[in-house]
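A.B. asks: Take this structure, written in structure tokens, and hold onto it; I'll ask about it next.
The values are calculated or read from the model by the stated rules, or taken from the named source; none is laboratory data. Predicted model only: the values in this text are computed from it and were never measured. Because the Cβ atoms are built from the backbone with ideal geometry, glycine has one as well, and the counts that use them run over all protein chains shown. Side chains are part of the model used for accessible areas, which takes the heavy atoms of the whole protein and leaves out ligands, DNA and RNA. Shrake-Rupley method; radii C 1.70, N 1.55, O 1.52, S 1.80 Å.
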Amino acid sequence: MGDAYIIGKIDFDAAWISLTPLHRAGTNGERDTWSFSVNTNRFPRNEVFQPDHHYMWVYDATTGRSLGGCQSYGFNDQWTRSYHYQENGAEALSEDWRAGAMPAWHHCSVQAPYDFDPTHRVEARLGRKYPSMVLARSGEILPTDEQPTYKVLSYVIADPDLVKQPETVAQELKQYGNLDRLGVKPAAGNKPSEIVRPETLALMSATQQEPDSYVIDSGRYPGSGQQPEDRYNYIELGECRSTDAAIRNVGWIKNRYSYCQRHLIAGSVIECRFRGCSFSSFLANSTVIGYGKRGSYRDTAGDRWAQFTVSIQMLEASGVYNNVGTRLTTRMGCEGDYKGSGPDSEACHGGGASEVTKSLTAWTVDHTATLDLVSEAQAPDASRGEQLATGVFRVDYDFDFPQPWIIDFGAASSPEGGMRFDSAWYLAPTSPNDQLGSVFDRAMPGLGYSIADDVVRGVAVHLLEAETEPEKTSPTKPGKSLPGFSPSNPLRRLAQAKGQYQNERYRANDSERVSYCRSVEFTSRRPEPTTENPNYDCDEYPFRSTYEGAGRYRFEGTDGEYKNSYSVKWVNRTQNQSAGGRLGRWYLEERILDEDKFFMQITP
């Protein structure tokens, strides 16, 4: 293991404590050892000295665990006796002597337990009560009373348990000045705090089995696909705060235009003087809501954009955080990637309102900041393609303290989210405003048909059969299995208007469907017209507007792998056309572009 830890060293006039390394050969089985000495002639004789201060003790600074130490009685060069202690497998040795007129030193060495984690920091403290006066810490030079040191810790926490119980975080900050015991690390590198709590890690693992998704019932588009009055259906603040799905790093995507994420912002300023440290703390709830947009940004011809609100609800502020000049800045950050031509720096960046700075008092009065993101592009046109760009966005939080010597090095950041910006002219050839927009693309969209919905009942029944009993559908195929009923086995949208290739595949899908639907075998099974069902259509699934449609085998697979991998059924014509109209409206409203993945959900 090499040399022992050097806890630290105090080296100034009238020094009364010295900490030194203990060198060892580093053979297998050796353990870390810490050594320190106290000058009894120099020990401060005032109210700070208590009976418990006869102890010099070493602790694991990460967990607060006692690692052992030494005890002596008497001072001012009059040590009378000494002891050594061991705890949890630790071993300690002590030695004292008199040296006439020379300063008298008492020495203590503590050897770590075998199960000590060598990556943890350690502290030498005066007294066995924890917490007590810190004599030294590994890797630090302790301050004097005249020259205190300051350390700023910032946290952004998206752990569900802690967000729901902020009082636990507040108490930990007040008592220890950090969140180590809760398994929360300070935020660093424009990222949120790393959570190492086993409960949280287990929950994250369990929720990563299936891609994030959402479903919009086709009834949102009445009749045969009317435009809804509220095209965005944005998340409201109260709705976000009451939804547990928002307390995750990935946040909650309600639909393609609506995102929210909840977390705690926490901070600690640790002020250390020679006789110990004091803590200033800050804690607040933060709710970030994102709004995707249609149309161009401000007066531009082609720039796409999105808007965000950050709502900060103050829970706790003490010490320097309560100073009049302490300010908090919220700032939108985004790392862009242009999928085609165009510099990444233009793919996603802050807009005209990308930063808000207020005093903490002002945040209490007005707790909301409105921020913009922009993706630069030219006006939509087929010759320019979709001009696809993606952005990984975050909200940065940055404290500015009036004391020039208290510096917050680097902002703490919210969990990242994802956006896509497009100028897909083919989505709405006659509606320029719908030809460009932004969506939150980290959840797979789904469309729902309900058997209870009279407008689309026949299609819903057909799709349920295709999902649950595909081998019984027409045309027959042994072992037939049809995709598109879960996020893990989705469909891909085929946009006929995008280009020649897409048009060819669309026509191939339709040709295959028509050929089978006109066959003698299938036409013989068409139901007789009734008053309720006077006309029938040959409905197909997967839809011809998908790459998984009936003609897929002409373009993909080998040895007819996808031949007859579709289903057709005679369905009430009005219901079939209504379901198709709703599908087309959903493609437009949710900006389902060519090759975008989606799935279907059928409900009773």
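A.B. asks: Which of the residues that make up the range 142-167 are assigned to a loop (DSSP other than H, G, I, E, B) and either surrounded by fewer than 19 Cβ atoms within 10 Å (Cβ to Cβ) or modelled with pLDDT under 90 (or both)?
C.D. replies: Answer for the range 142-167, where residues must be assigned to a loop (DSSP other than H, G, I, E, B) and either surrounded by fewer than 19 Cβ atoms within 10 Å (Cβ to Cβ) or modelled with pLDDT under 90 (or both): LEU142, PRO143, THR144, ASP145, GLU146, GLN147, PRO148, GLN165.
A.B. asks: Cβ-Cβ distance below 8 Å, separation of 6 or more or different chains: which pairs start in the range 185-213 with a residue that is farther than 30 Å from PHE599 by Cα and end on one that is at pLDDT below 85 and open to solvent by 70 Å² or more (accessible area, probe 1.4 Å)?
C.D. replies: So the pair list comes out as ILE195/LEU201.
A.B. asks: Is there a residue in the range 446-461 that is surrounded by fewer than 17 Cβ atoms within 10 Å (Cβ to Cβ) and hydroxyl-bearing (Ser, Thr, Tyr)?
C.D. replies: No: zero hits.
A.B. asks: Return the residues of the range 341-359 that are open to solvent by less than 50 Å² (accessible area, probe 1.4 Å) and over 12 Å from THR329 (Cα atoms); say none if nothing qualifies.
C.D. replies: Initially, the range 341-359 is screened for residues open to solvent by less than 50 Å² (accessible area, probe 1.4 Å), giving 342, 347-348, 350-351, 353-354, 356, 358-359.
Matches in the range 341-359: GLY342, ALA347, CYS348, GLY350, GLY351, ALA353.
A.B. asks: Is it the case, given these coordinates, that LYS472 is more than 37 Å from the chain's Cα centre (by Cα), of a type in the set (Lys, Arg) and open to solvent by 10 Å² or more (accessible area, probe 1.4 Å)?
C.D. replies: In short, yes.
A.B. asks: I would also like to ask the following. Given the criterion open to solvent by less than 10 Å² (accessible area, probe 1.4 Å), under 26 Å from ILE235 (Cβ atoms) and either in contact (Cβ under 8 Å) with a residue 60 or more places away in the chain or among the small types (Gly, Ala, Ser) (or both), identify the matching residue among ILE265, ILE312.
C.D. replies: Among ILE265, ILE312, only ILE265 is open to solvent by less than 10 Å² (accessible area, probe 1.4 Å), under 26 Å from ILE235 (Cβ atoms) and either in contact (Cβ under 8 Å) with a residue 60 or more places away in the chain or among the small types (Gly, Ala, Ser) (or both).
A.B. asks: Among ASP344, ASP396, which is of a type in the set (D, E, K, R) and over 30 Å from CYS272 (Cα atoms)? Don't jump to the end; show me each part of the working.
C.D. replies: Values: ASP396 fails: over 30 Å from CYS272 (Cα atoms).
Matching residue, one of ASP344, ASP396: ASP344.
A.B. asks: Could you list, in sequence order, all residues of the range 168-192 that are over 16 Å from the mean Cα position of the chain (by Cα) and in a loop (DSSP other than H, G, I, E, B)?
C.D. replies: Those that are over 16 Å from the mean Cα position of the chain (by Cα) and in a loop (DSSP other than H, G, I, E, B): GLY177, ASN178, LEU179, GLY183.
A.B. asks: To continue, here is another question. Within the range 488-511, how many residues turn out to be basic (Lys, Arg), part of a strand (DSSP E or B) and open to solvent by 50 Å² or more (accessible area, probe 1.4 Å)?
C.D. replies: The number of residues fulfilling the criteria is 1.
A.B. asks: Residue by residue through the range 320-333, note down the ones that are open to solvent by 40 Å² or more (accessible area, probe 1.4 Å), assigned to a strand (DSSP E or B) and in contact with a helix residue (DSSP H, G or I) (Cβ under 8 Å, 6 or more places away or on another chain).
C.D. replies: Selection gives ARG327 alone.
A.B. asks: Okay, moving on. From the residues in the range 516-547 that are of a type in the set (Asp, Glu) and within 16 Å of LYS477 (Cα to Cα), which one is least open to solvent (accessible area, probe 1.4 Å)?
C.D. replies: Applying the first criterion (of a type in the set (Asp, Glu)) to the range 516-547 yields 521, 528, 532, 537, 539-540.
Restricting the remaining residues to those that are within 16 Å of LYS477 (Cα to Cα) gives 521, 540.
Working: GLU521: 108, GLU540: 23 Å².
If we take residues in the range 516-547 being of a type in the set (Asp, Glu) and within 16 Å of LYS477 (Cα to Cα), then GLU540 is least open to solvent (accessible area, probe 1.4 Å).
A.B. asks: Run down LEU371, LEU447 and say which single residue is modelled with pLDDT of 95 or more and within 21 Å of GLU595 (Cβ to Cβ). Walk me through it before giving the result.
C.D. replies: Numbers: LEU371 fails: within 21 Å of GLU595 (Cβ to Cβ).
One residue alone meets the criteria, LEU447.
A.B. asks: While we're on this one: Counting just the residues of the range 241-251 that are without any contact (Cβ under 8 Å) to a residue 60 or more places away in the chain and surrounded by fewer than 23 Cβ atoms within 10 Å (Cβ to Cβ), which one comes out nearest to the chain's Cα centre (by Cα)? Don't jump to the end; show me each part of the working.
C.D. replies: Within the range 241-251, the subset without any contact (Cβ under 8 Å) to a residue 60 or more places away in the chain is 241-243, 245-246.
From what's left, surrounded by fewer than 23 Cβ atoms within 10 Å (Cβ to Cβ): 241-243, 245.
Working: ARG241: 16, SER242: 18, THR243: 16, ALA245: 12 Å.
It comes out as ALA245.
A.B. asks: Do we have PRO527 as at pLDDT below 95 and of a type outside the set (Val, Ile, Thr) here?
C.D. replies: Considered against the rule, which asks whether it is at pLDDT below 95 and of a type outside the set (Val, Ile, Thr), PRO527 comes out as yes.
A.B. asks: Report yes if ALA362 is assigned to a helix (DSSP H, G or I) and open to solvent by 10 Å² or more (accessible area, probe 1.4 Å), otherwise no.
C.D. replies: Yes: the conditions hold for ALA362.
A.B. asks: Let me ask something additional. Could you grab the pairs with beta carbons closer than 8 Å, sequence gap of 6+ or different chains, first residue in the range 165-177 and in contact (Cβ under 8 Å) with a residue 12 or more places away in the chain and on the phi < 0 side of the Ramachandran plot, second one in a helix (DSSP H, G or I) and buried (at least 18 other Cβ atoms within 10 Å of the Cβ)?
C.D. replies: Going by the 8 Å Cβ cut-off, the qualifying pairs are THR168/LEU162; THR168/LEU182; VAL169/LEU162; VAL169/LEU182.
A.B. asks: Might you let me know whether the range 510-527 holds any residue that is farther than 18 Å from LEU593 by Cα, among the hydroxyl-bearing types (Ser, Thr, Tyr), in contact with a helix residue (DSSP H, G or I) (Cβ under 7 Å, 6 or more places away or on another chain) and touching a residue at least 12 places away in the same chain (Cβ under 8 Å)?
C.D. replies: Within the range 510-527, one or more residues are farther than 18 Å from LEU593 by Cα, among the hydroxyl-bearing types (Ser, Thr, Tyr), in contact with a helix residue (DSSP H, G or I) (Cβ under 7 Å, 6 or more places away or on another chain) and touching a residue at least 12 places away in the same chain (Cβ under 8 Å).
A.B. asks: Of all the residues that make up the range 268-319, how many are over 21 Å from LEU371 (Cβ atoms), touching a Ser or Thr at 6+ places or on another chain (Cβ under 7 Å) and not in a strand (DSSP E or B)?
C.D. replies: Number satisfying all stated conditions: 4.
A.B. asks: Among the residues of the range 289-333, what is the count of those that are within 20 Å of ASN255 (Cβ to Cβ) and in contact with a Pro (Cβ under 9 Å, 6 or more places away or on another chain)?
C.D. replies: 1
A.B. asks: Restricted to the range 553-567, and to residues that are surrounded by fewer than 23 Cβ atoms within 10 Å (Cβ to Cβ) and modelled with pLDDT of 95 or more, which residue is nearest to LEU583 (Cα to Cα)?
C.D. replies: Taking the candidates together, the pick is SER565.
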